[in-house]
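Here is the structure we will look at, set down as C-alpha cells.
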Amino acid sequence: MLAVFVVLGCASFLAQGLCCRPKEYSTRAGQCCPMCSEGTIVSRDCTSQSGTRCSRCKNGTFMNEPNGLDKCLSCTSCGSGHGLFVLQGCSETTDAVCEVIDGYFCKDLDVTGCSAAQKHTQCEPGEKIKEPGTSRVDAQCELCQSGFFSERGVNCTDWTTCSGTQATLKEGSRSTDVVCGDSSRNHYIVILSVLLFASLVVALGITFRYFMLSSEN
C-alpha cells in the first residue's frame, strides 16, 4: 500500500516538478531533467528550450549508471606496493578490477574485485606450514612435534639419531637438529684437557716456589 501511495502521490506532483520520473533527476531549482547515460555526467541542466547537456568521464574516472551527477567516480588504484595488480583496466563505464600478486591474500573482496591485500604469514623456525596461503586466505602455521625441527619455518624434519661411535653433543630443539660427534675422540679430548690443566697447575706451583726461594735469598 505504501508503494502505491508513493507512486500515486508522485504522479500527482509531476506537473509541479516536485517528483521526477525514473530516468530523470531533480535539479537544485526543483526541475526534472533527463539523466545522463553511463560514462557521462551532467555539464549543464536542462531548460525549457533544451535538454540536459552531458560530458564524458575523463581518464582515471568512470560512471557505471545513468545519473544526474556533476562529477565522475575515481577509478580504483591497483598498486603493486599494496600487493595488487590490474586484472581489468578502468573505462568510462566500469571501475578497475584488482587482483592480488603472489605471496599476498585479499583482505577486502567485493563484486569489483580485491581492494586491499596483505602478505601471507611467514612461519617461524620451529613451525611448519599447515595450510599454504592462497589469493583468498592467509597461510596457517603449526608447531613441530617433539622429536622434529624446522630451521626455516617450512617443513618439520625428525631429529638425527646418533649411532655407532657417535655421541649426542647437543640435544635437538624445535628449531635445531641434534648434533652428533665421535665419542672416542671426545674421550681423548677430555683426557688431554685434564692433562694440560694439571701441567699448568704444576708449572704455576714451580714458578711460585722459585720466586719464594729467590725472595728469601
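Can you pull out every residue in the range 122-134 that is closer than 30 Å to residue 108 by Cα and assigned to a loop (DSSP other than H, G, I, E, B)? Answer for the range 122-134, where residues must be closer than 30 Å to residue 108 by Cα and assigned to a loop (DSSP other than H, G, I, E, B): 122, 123, 124, 125, 132, 133, 134.
The set of residues from the range 135-149 being touching a residue at least 24 places away in the same chain (Cβ under 8 Å), loosely packed, with under 14 Cβ neighbours inside 10 Å and either more than 24 Å from residue 109 (Cα to Cα) or not β-branched (Val, Ile, Thr) (or both) comprises 136, 147. Exactly one residue among 213, 200 is modelled with pLDDT of 80 or more, over 45 Å from the mean Cα position of the chain (by Cα) and not in a loop (DSSP other than H, G, I, E, B), and that residue is 200. Residue count for the range 161-174 satisfying the condition of being at pLDDT 95 or above and touching a Cys at 6+ places or on another chain (Cβ under 8 Å): 1.
Note on the range 59-74: residues that are in contact with a Gly (Cβ under 7 Å, 6 or more places away or on another chain) and either open to solvent by 30 Å² or more (accessible area, probe 1.4 Å) or among the small types (Gly, Ala, Ser) (or both) total 1. Among residues of the range 104-125 that are touching a residue at least 24 places away in the same chain (Cβ under 8 Å), those with a Cβ under 6 angstrom from a residue that is of a type in the set (Phe, Trp, Tyr) and open to solvent by less than 60 Å² (accessible area, probe 1.4 Å), sequence gap 6+ or separate chain, pair up as 117/104; 119/104. Return yes or no: is residue 158 under 30 Å from residue 144 (Cβ atoms), modelled with pLDDT of 70 or more, in contact with a Phe, Trp or Tyr (Cβ under 6 Å, 6 or more places away or on another chain) and surrounded by 10 or more Cβ atoms within 10 Å (Cβ to Cβ)? Yes. Considered as a group, the residues in the range 78-117 that are open to solvent by less than 40 Å² (accessible area, probe 1.4 Å), in contact with a Ser or Thr (Cβ under 7 Å, 6 or more places away or on another chain) and among the aliphatic types (A, V, I, L, M) include one that is nearest to residue 59 (Cα to Cα), and that residue is 96.
Mind listing just one residue for me: the one in the range 164-176 that is open to solvent by 70 Å² or more (accessible area, probe 1.4 Å) and in a loop (DSSP other than H, G, I, E, B) and, of those, nearest to residue 100 (Cα to Cα)? Across the range 164-176, the extreme among qualifying residues is 174.
The values are calculated or read from the model by the stated rules, or taken from the named source; none is laboratory data. Because the structure is predicted, anything quoted here is derived from the model rather than measured. Here Cβ is always computed from backbone atoms with ideal geometry, including for glycine, and neighbour counts include all displayed protein chains. With ligands, DNA and RNA removed, areas are computed over all heavy atoms of the protein, side chains included. Shrake-Rupley method; radii C 1.70, N 1.55, O 1.52, S 1.80 Å.
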